[in-house]
Amino acid sequence: MPDDPARLCGQALSWRKITCRQREEIFTLEREEALRPLSSCTDLSGEYHGEPQMDITWGLTSTDTPVLKESRYPSRDGGPDRKPCEHWEFYMTDEDLAEKMSELIYNRTQLVEGDADDLAWDLLNMVKSRPL
Ligand SMILES: [Zn+2]
């Protein structure tokens, strides 16, 4: 198993497995900034993984925000892949999000840490409970 970038760029990351089709939908979503590789590893000799493997993490380079990561498992002889590709989408848990919001509030206001935390959760809950 390649080292899962559980932490990248100091951010707490969470990944959720998705299908090829979901990957395609996310990949082709219209967004202001095109997805670019944030990191990749092409290991066609299997030096690091034991068997050939290609990993890539796509994201928004302006903010180092990951969006997708995927792995392909080519065969050594250039034939069909050894096993199907795999894809994961990045998501933030409420705890991850609240922590980031709290940091931002703490850094940008005069609030003490405890109050920044409370405000972050109040804002998060407000956004989550808004009518769609
Ligand atoms: Zn796929």
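Please treat every number below as a calculation from the coordinates, not as lab data. Everything quoted here is computed from the prediction, not taken from an experiment. Here the Cβ is made from the backbone with ideal geometry for all residues, glycine too, and neighbour counts use every protein chain on show.
Helices of the chain meeting both criteria, an alpha-carbon length of 30 angstrom or more along the long axis and an average Kyte-Doolittle score not below 1.6, with helices taken as full DSSP H segments, do not occur. Bridging of LYS128 to lysines at a Cα separation below 28 Å is possible for LYS17, LYS69, LYS100, once same-chain residues fewer than 8 apart are set aside. Put +1 on the Cβ of each Lys and Arg and -1 on the Cβ of each Asp and Glu in the range 22-132; which of TRP121, THR65, PRO131 then has its Cα farthest toward the positive end of the dipole? Value: THR65. Between ASP81 and GLU32, the FRET efficiency estimated from the beta carbon spacing at R0 = 30 angstrom works out to 0.35.
Report the gain in length on full extension from ASP94 to ASP118: 0.36 nm times residue separation, minus Cα-Cα distance, nm rounded to one decimal.
Numbers: separation 24, 0.36 × 24 = 8.64 nm, distance 1.34 nm.
In short, 7.3 nm is gained.
State, as an integer percentage, the relative contact order of the range 63-128 based on alpha-carbon contacts under 8 Å between residues 6 or more apart.
Details: 55 pairs, mean separation 15.2, N = 66.
Here the relative contact order equals 23 percent.
Protection proxy ranking of 86-98, 32-44, by the mean of other Cβ atoms within 10 Å over each peptide's residues and highest first, is 86-98, 32-44.
What's the FRET efficiency of THR19 with ASN107 using the Cβ-Cβ distance as r and R₀ = 41 Å, to the nearest 0.05?
Once the sixth-power term is evaluated, E becomes 0.60.
Be a star and scan the range 74-100 for residues whose amide nitrogen sits under 14 Å from the point 7 Å along the Cα-to-Cβ vector of MET126. Of the residues in the range 74-100, none has backbone N under 14 Å from the label point off MET126.
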